[in-house]
Ligand code: GDP
């Protein structure tokens, strides 16, 4: 089973999925456009959440970082007068240091993540969408800022006028991503933000035409008219999409076959089968239930 993922909604689904099907049968293609070098190391928020989800280390209160982590290095940097953009935990930072050392030694991002996957003894394939550098840029009334500056430094408050993926015109999906897609007839798009989590994956060269040849099943990240977390509403509005499952379907209009929506939602789509179930994953049990529903629907 192959799944396109960001860093919160889809990992919640993966936490259920890995408990009901063999891990080695799962391949996850993960967004890298929110990656950022911070304090000398490359932080990959979405990939790291997926790694920590498969190891059960993930802090499920925030869906980033390691549960029970300490923040001594971050606090020490602050005392020295350095205000780090992200509040990085010590164990989490160890992973960033190792990945960055591998990259400095000439590994591709894909190879570095595979090393980490092996160290963690994860059997699922965790595939960065691209090895090329990419950055999500948010256009605000004060100018264009990196996604992390918008979301963390400015707490998602500025008005969003537009979204641009710097580097996307030259970025290619990795051969590992293409091979994984070639092995499957169906593709799952997890309940992730369609603009800044799934959008960059879809923007990679050839990706949409590959998906047009597959059965594509997406799970809506919109529940009761709003996103469960994160800036999806603001971003969908800015890009001219309605904040609803209909709007999500419009983001995927050229290849979507099935959309899974909240059982209370009225959602009629002309060329897409709509399946209704509980899509809110407030607990592991709910994640497992939704994962079972998806496995049965593929
Ligand atoms: P991030 O933006 O990088 O943190 O990662 P994602 O794009 O994967 O996650 C954010 C999206 O996940 C938001 O649009 C949420 O609405 C969606 N989401 C979070 N929790 C849930 C859930 O329990 N159910 C569903 N259906 N969507 C969820």
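To make sure I understand, if each residue's beta carbon is the centre and we count other beta carbons within 10 Å, what order do 153, 79 fall in, fewest to most?
Working: 153 13, 79 7.
Taking fewest neighbouring Cβ atoms as first place, the list is 79, 153.
Which whole number of Å³ per residue matches the convex hull of the alpha-carbon atoms in the stretch 49-180? Please report the intermediate quantities before stating the final value.
Working: hull volume 19.4 nm³, N = 132.
Output value, Cα hull per residue: 147 Å³.
How do the peptides 248-255, 278-285 rank, highest first, by the average count of neighbouring beta carbon atoms within 10 Å per residue?
248-255, 278-285
I'd like the orientation of helix 90-104 relative to the chain: the angle between its Cα long axis and the longest Cα principal axis, in ° from 0 to 90, rounded to 10.
90
Report the gain in length on full extension from residue 164 to residue 23: 0.36 nm times residue separation, minus Cα-Cα distance, nm rounded to one decimal.
47.3 nm
Evaluate the distance, in nm, between pseudo-label points positioned 7 Å from the Cα of residue 292 and of residue 178 along their respective Cα→Cβ axes.
4.0
Mind pulling the angle between the C-alpha long axis of helix 109-119 and the longest principal axis of the chain? Nearest 10 degrees, somewhere in 0 to 90.
With rounding to tens, the tilt is 80 degrees.
Using a basic spin-label model with each label point 7 Å from the Cα along Cα→Cβ, how many nm lie between residue 56 and residue 84?
Placing both labels 7 Å beyond Cα along the Cβ direction yields 2.7 nm.
Report the extension gain between residue 37 and residue 118 in nm, rounded to one decimal, defined as 0.36 nm multiplied by the number of residues separating them, less their alpha carbon distance. Write down the numbers at each step before the final one.
Details: separation 81, 0.36 × 81 = 29.16 nm, distance 2.31 nm.
Answer, rounded to one decimal: 26.8 nm.
Could you give the angle, 0 to 90 degrees to the nearest 10, between helix 284-297's Cα long axis and the longest principal axis of the Cα atoms of the chain?
So the helix axis and the longest Cα principal axis differ by about 50 degrees.
Taking Cα centroids, how far is the stretch 237-298 from the stretch 77-143 in Å?
So the separation of the two Cα centres works out to 30 Å.
Defining a contact as two alpha carbons under 8 Å apart and six or more residues distant in sequence, what relative contact order in percent does the stretch 55-177 show?
Across the stretch 55-177, relative contact order equals 19 percent.
Pop a pseudo-label 7 angstrom from the Cα along the beta-carbon direction at both residue 153 and residue 73 and give the gap in nm to one decimal.
It is 2.1 nm.
Let me understand the chain better: what is its radius of gyration from the alpha carbons, and its Dmax, in angstrom?
Final numbers for Rg and Dmax: 18.3, 59 Å.
Any read-out appearing in this document is the output of simple, stated calculations on the displayed coordinates, not a laboratory observation. Worth saying up front: this structure is predicted, and the values here are computed from it rather than measured. Note: ideal-geometry Cβ built from the backbone for every residue, glycine included; neighbour counts use all protein chains shown.
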